[in-house]
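Nothing in this text is a laboratory measurement; each read-out follows from the coordinates by a stated rule. Note that this is a predicted model, so its numbers are computed, not measured. As a convention, Cβ positions derive from the backbone with ideal geometry for all residues, glycine included, and neighbour counts pool all protein chains shown.
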Amino acid sequence: MAISAETFFLDPSDHGTLQARIQQRVAEGVLSGRLRPGERMPSSRKLAAHLGVSRITVTLAYNELVANDYLRARGRSGYFVSEEAPTPRTVAEPPRPAGRPVDWTRALGHRFSDASRMGKPEDWRRFRYPFVYGQADPSLFDHQNWRLCTLKALGQRDAGALLDDSFERDDPLLVEFLARHTLPRRGVLAGDKEILITLGAQNALWLAAQTLLNQRRAAAVEDPGYPGLRDILRQTRCRLSAVPVGPEGLDPAALPEGLDVVFVTPSHHCPTGATMPMAARRALLDRAAAEDFLIVEDDYEFEMAFARPPFPALKSLDRDGRVIYVGSFSKSLFPGLRLGYVVAAEPVIHEMRALRATVLRHPPGLMQRAAAYFLSLGHYDALIRRLGRAYAHRREVMAAAVAAHGLDMAGAPDAGGSSLWLRAPDPVDTSALALALRQQGVLIEPGAPFFADPTAPRRHYRLAYSSIPAERIPDGVALVAAALREDGQAPNAAPQQPRSAPP
């Protein structure tokens, strides 16, 4: 791609002939590093038309730059920045003003950098054994049909969805598909005014927290639980309680009194994968009605309940409108999409929509319309079936490797999803373990950020399989087990043979 002619301009205050001034601008671009070796220059015709000079003036300037090794001519291909051009000058850092420096610790009204971090290396794909959660496997994604749906959304017929500022409104095609197809599959019935499109589940949870909570209200979360949610709730300055989660998820009887909002992941607890039984779901709704609190249900990964059919969503059992339902396409489609939704009573959605408008108006229209086409044309359901088969196979391979090496499974063994929750022997610190394993090309996720108490044991860790091929899983798990054994902390490999994985 050629450098745009609009990159160049002639300053009326410059001295010298037009030819010399063009040479000066090009040379300055090379010496500053803005024009890089190998890049193609604008044609002499385009640059002349843009600068309002004759074409011969530009040609003479280009020829002089070739003679000075700034440019190189390649026959009919045009002029290119020369690989032999002078290297960009290093500019000395300007002296800092001697005025009074800003005390940023005092000047900042809020601090958000102390939030729990679950970071991963930016080059995580370079690792051979990336057991990282929430990342997509390009080999499983339907690139062709997503491309076709995006091109369809770019068509003249959909120009309004692409070009218009929709203010507070969402894409009607996407909202209609959610209301008529996606939500009824979870037993949820909702009208257009009860649905809000968000930038993923994280944005949905933030909108819910900002709308429902303040420093005079109380909320409860699961422990362990999603670290990002705790950080969101701390921003509201509400009174926050972390409720321990058992093998069947949150126990409604364990909730403290005086709550205003409870945040739960009943269908697939984060991070253990536990599923809340139907009796517990009804008990939670009964207690919410008796004590007049609201429930925010994050229904993530329900599509990946391949071990058994998923239970109906908590929202589907709600008769009072107390449940605010959060869903997302980021896990099932691809995380870079950042598209989710909230389903709630109309007054709640009305306030969330107004809050969203003050921050970002609405999610990008192109992405909403492309997703609407991808869903309505049946590509999404086909993708979910393919992901379900692949994840079920990978989970069985990983479970077999975990059993073969005697590793301790701390989460639900048959919960589906895209990860396993494990526990190292005491007193292993899995944060240190994770750093050591990186040297061997293995990425695991330490479990400490999931716990509300910073003094909780640091022995848990998560192994995800959404982005690692099945054939690499056994060797990666073996490296994890070997790292534990090197410290004399892991049990010897179990004598039984791994179960054979399905084809």
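Some notes on this structure:
- Nearest-0.05 FRET efficiency for residue 471 and residue 432, computed from C-beta distance (R0 25 Å): 0.30
- Surrounding net charge for residue 345, when Lys and Arg each add one and Asp and Glu each subtract one, Cβ distance under 15 Å: -3
- Taking amide H as placed 1.01 Å from N in the peptide plane, residue 218 has its amide H under 5 Å from the amide H of 239, 260, 261, each at least 5 places away in sequence or on another chain.
- According to the calculation over all Cα-Cα pairs in the range 411-450, the P(r) per 10 Å bin from zero is 25, 49, 25, 0 %.
- Contour excess over end-to-end distance, with Cα ends at residue 128 and residue 76 and 0.36 nm allotted per residue: 14.2 nm
- With one equal scatterer per alpha carbon and no solvent term, the Debye-computed log10 I(q)/I(0) for the range 1-50 at 0.18, 0.24, 0.25, 0.28 1/Å reads -0.57, -1.00, -1.07, -1.25.
- Note on the range 365-412 and the range 193-256: Cα centroid distance 25 Å, given to the nearest whole angstrom.
- You can think of it this way: the chain between residue 13 and residue 453 has 151.9 nm of extra reach, that is 0.36 nm per residue less the Cα-Cα gap.
- The mean of 1/r over all pairs of different alpha-carbon atoms in the range 192-315, once inverted, gives a Kirkwood hydrodynamic radius of 14.8 Å.
- Efficiency of FRET between residue 278 and residue 102 - r from beta-carbon atoms, R0 60 angstrom, step 0.05: 0.60
- Label of the coordinate-derived value, Cα Rg over 2.2 N^0.38 Å, listed as (1) 1.22; (2) 0.92; (3) 1.05: (1)
- For the chain, the relative contact order comes to 17 percent (Cα pairs under 8 Å, sequence separation of at least 6).
- Translational diffusion coefficient (Stokes-Einstein; Kirkwood radius from C-alpha pairs) of the range 143-377 at 37 °C, 0.692 mPa s, in µm²/s: 180 µm²/s
- Angstrom value of the Kirkwood radius, inverse mean 1/r, which spans all Cα pairs in the range 16-81: 11.7 Å
- Estimated [θ] at 222 nm from DSSP helical runs (n ≥ 4, -39500 (n - 2.57)) normalised by residues in the chain, nearest 500: -10500 deg cm²/dmol
- Net charge of the neighbourhood of residue 319, taken over other residues with C-beta under 13 Å away and scored Lys/Arg +1, Asp/Glu -1, is +1.
- Other residues lying with their Cβ under 15 Å from the Cβ of residue 60 contribute a combined charge of +3, Lys and Arg counting +1, Asp and Glu -1.
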